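Undergrad: There's a structure below that I have some questions on.
The values are calculated or read from the model by the stated rules, or taken from the named source; none is laboratory data. Just so you know, these numbers come straight off a predicted model, no measurement behind them. Cβ sites come from the backbone with ideal geometry, for glycine too, and all protein chains shown count toward neighbours.
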Amino acid sequence: MPGYEHADVVMLTLTIVFLTIDAYYFLWVLNLKSKLPPDMATFVTDAVLGYSKKMQRELVYNLDSGEKAILEKSKNKMRQKQD
């Protein structure tokens, strides 16, 4: 549309800025993954990218029975507060 050239340039510039930020974040995640031990890297990378359920499941699995009891007690307390 004629008359909106400046708005188009601003939108294009903002798009490029956000794409650059996204690329930087992705490269940062890959760098983080390379710095961690292999058994930990997969879970941490997934958590950083937003897939935290897998990491939570693995952490709970590795807790001993006493710590699991404390965790369940805390979960029940949170559920009671929400109700």
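Undergrad: Could we say that Leu36 is without any contact (Cβ under 8 Å) to a residue 12 or more places away in the chain, in contact with a helix residue (DSSP H, G or I) (Cβ under 8 Å, 6 or more places away or on another chain) and of a type outside the set (S, T, N, Q) here? Give the derivation first.
TA: Values: without any contact (Cβ under 8 Å) to a residue 12 or more places away in the chain: yes; in contact with a helix residue (DSSP H, G or I) (Cβ under 8 Å, 6 or more places away or on another chain): yes; of a type outside the set (S, T, N, Q): yes.
Yes.
Undergrad: Does Arg79 satisfy the criteria of being among the charged types (D, E, K, R) and at pLDDT below 85? Walk me through how you get there before you give the answer.
TA: Numbers: among the charged types (D, E, K, R): yes; at pLDDT below 85: no.
Considered against the rule, which asks whether it is among the charged types (D, E, K, R) and at pLDDT below 85, Arg79 comes out as no.
Undergrad: All but one of (1) assigned to a loop (DSSP other than H, G, I, E, B); (2) at negative phi hold for Gly3, so report the exception by its number.
TA: The single condition Gly3 does not satisfy is (2).
Undergrad: Could you run through segment 61-79 and say how many residues are outside any loop (DSSP other than H, G, I, E, B) and either under 28 Å from Tyr25 (Cβ atoms) or of a type in the set (S, T, N, Q) (or both)? Walk me through it before giving the result.
TA: To start, the set of residues in segment 61-79 that are outside any loop (DSSP other than H, G, I, E, B) comprises 61, 65-79.
Now restrict to residues that are either under 28 Å from Tyr25 (Cβ atoms) or of a type in the set (S, T, N, Q) (or both): 65, 74, 76.
Residues flagged as outside any loop (DSSP other than H, G, I, E, B) and either under 28 Å from Tyr25 (Cβ atoms) or of a type in the set (S, T, N, Q) (or both) within segment 61-79 amount to 3.
Undergrad: Just to be sure, is Asp39 loosely packed, with under 10 Cβ neighbours inside 10 Å, assigned to a helix (DSSP H, G or I) and among the acidic types (Asp, Glu)?
TA: Values: loosely packed, with under 10 Cβ neighbours inside 10 Å: yes; assigned to a helix (DSSP H, G or I): yes; among the acidic types (Asp, Glu): yes.
Yes.
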